[in-house]
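Student: Quick one: structure below, then a few questions.
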Amino acid sequence: MIEDDLRAAFVRHEPLTPSTGPLRAAIDRLAATRRRRRQRFQAAGVTLALLAALGVGVPQLRPERPAEDSLPSVQPADPLNVLLVGVDGFGEEPPYRLADSILLVHIPADRSRPYLISLPRDLEVSVPGRGTDKLSSAFFTGATEPRPDLDAGYDLTRRVVADLTGVRVDAGAVLTFTGLRRITEAVDGVEVCLPNEVRSSHSRRVFPAGCQRLDGAASVDLLRQRRYLPDGAFDRDRNAQRYVAGLIRRAVAQDVLSNPVRLTALLSAAGEGLTIDDDGLPLTRLLRVLPELKSVEPVGLSLPVGPLTGNAWRVRLDPKQSPAFLAALSEDRLAQWVAQHPEKVNAVR
């Protein structure tokens, strides 16, 4: 009797139940967007990481011009900003979901040369949903359980970096150390020039001062080092810039980007260790800008910050130098700032 009453009640109320169509359609749209985004990084992720973030001009590549009404608001004479996020062990070692390397690549409107700006992982910032914390925690906060999500981690990091610097982030990429190792192997190693000897705290490797070619495992080992370096994480950021510069030279020397066979092999090298964001600046639009660069040799810079403070091991923006630097960045005057502060340039060779 009770079962019959329940069935009758369900029948009476069924017409009042909202349609699941709109909800299912929204879920399908979200899933399709995720699939398209994942497909983009599988097909073009390494290209974006090498071309956009590293600033390599490739006159040989002439992508088909998209329809004018599909272009973003970025104009040909606008400066461009590309965010690179390096993650140690993401998806392999759950405790390591912090962004260890955060680099902002600024391409000025005059297309003179790219500027590679290191943003300290220990910088104290405001992270939505977490309050005041280190910049590296933005990625962890975005990429929360139930499953690792590079896209979500990048999205929150991008938001925090945009608020911090006051500039629009036009495109970006997240690269795990697994992906970095594979890319390095795909170009047969990268030459890195170190000003001082570096001893690994994770292995028995010793990286001597001077230029040396590193394979994938050695490159990852080097980029993880900070414990025994004089300036700790700051030195690690500088070594990341040196690696980037070496990767640029290696890709250009091997003619990778104009050789279809080599380019195809490189595109598949990183696998799921790389995801990209090109919603704001399509890859085809970026490729048309890169050949305009007068020089592909990057200028290494660091966001001006103070020393580590307290037991929290955090740093804060330098109240004297950071306002002028951030103003120069947002107003596209980094060349003048560098000319006035040559001692702030990080040697990448």
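Only the coordinates and a few stated rules stand behind these numbers; no lab work does. In this text, all values refer to a predicted model and were calculated from it rather than measured experimentally. Please note: Cβ atoms are built from the backbone with ideal geometry, for glycine as well, and neighbour counts cover all protein chains shown.
Student: Output the peptides 167-175, 334-342 sorted from most to least packed, where packing is the average of other Cβ atoms within 10 Å over each peptide's residues.
Tutor: The most tightly packed comes first, giving 167-175, 334-342.
Student: To make sure I understand the rule: partners must be lysines, Cα under 22 Å from the Cα of K320, and not fewer than 8 residues away in the same chain. Which ones qualify?
Tutor: K134, K344
Student: Note the full-extension length gain between E331 and S200 as 0.36 nm times their separation in residues minus their Cα-Cα distance, in nm to one decimal.
Tutor: That works out to 43.2 nm of additional length.
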